[in-house]
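Working notes for the structure below.
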Amino acid sequence: MPLDYLPIMAKNSAPKPPRVLASPSKQSWCPTTKPVNQSMVALLSSAALRLTDQAPFIPREDLSYRRVPADPNAGEIIIDHHSGIGRVPKRDPEIVFPRTALAELAKRGIVGSVAPFHFSFMGGVREHGKIENELAPAIAEDLKRDQVDLALLVPY
């Protein structure tokens, strides 16, 4: 049974009033050009993840993003997201940022390779126009520069 994640989160998210779901003004999906087992894959996380030596995500409406090394040994991950659902993931960020699992899939040949960096941003931001016209294109440009074929969104 499919899970309607966004409507559930919109209904149950804090702060109140409930979030209004916005539809993008332009198509953002593109077809894959390679089989998954030949594709370079990156993770996109809305958990506001960063390494301890990277600048924190500060305001609730922070529209910046962080390039987080794909190597699970690159350093300790901090979750700056303000959501109350984050107590367990804050103890084990792999729950919402499965770098180790993705590396294992590459090792087993299920995905072609892992991108050198993954990307994280603050989820739950209400400035939909800025997300669509500023944040998303900036991340897409970095993904393109890194020659990433497939990006997996891991919502928080």
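The values are calculated or read from the model by the stated rules, or taken from the named source; none is laboratory data. None of the values given here were measured: they were computed from a predicted structure. Heads up, the Cβs are rebuilt from the backbone with ideal geometry, glycines too, and the neighbour counts pull from every protein chain shown. Areas reflect the complete protein model, heavy atoms only, side chains present, ligands, DNA and RNA absent. Shrake-Rupley method; radii C 1.70, N 1.55, O 1.52, S 1.80 Å.
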**Asked** Pick from Pro89, Pro93, Pro59, Pro72: which is under 18 Å from the mean Cα position of the chain (by Cα), closer than 22 Å to Ser39 by Cβ and either at pLDDT 95 or above or not hydrophobic (A, V, I, L, M, F, W, C) (or both)?
**Response** Pro72
**Prompt:** Failed condition for Thr100, given (1) over 25 Å from Ile58 (Cα atoms); (2) at pLDDT 95 or above; (3) not basic (Lys, Arg), with all others met?
**Reply:** (2)
**Asked** In this structure, is Ile58 over 21 Å from Glu141 (Cα atoms) and in a strand (DSSP E or B)?
**Response** no
**Prompt:** Which condition breaks for Ala140 when tested against (1) open to solvent by less than 30 Å² (accessible area, probe 1.4 Å); (2) small (Gly, Ala, Ser); (3) under 15 Å from the mean Cα position of the chain (by Cα)?
**Reply:** (1)
**Prompt:** Mind checking which residues of the stretch 68-79 are closer than 21 Å to Val41 by Cα and open to solvent by less than 70 Å² (accessible area, probe 1.4 Å)?
**Reply:** Val68, Pro69, Ala70, Pro72, Ala74, Gly75, Ile77
**Request:** Hey, could you check the stretch 112-137 for residues that are in a strand (DSSP E or B) and closer than 23 Å to Val36 by Cα and say which is most open to solvent (accessible area, probe 1.4 Å)?
**Result:** Phe117
**Item:** Qualifying positions in the stretch 119-144 - touching a residue at least 24 places away in the same chain (Cβ under 8 Å) and of a type in the set (Lys, Arg)
**Value:** Arg126, Lys130
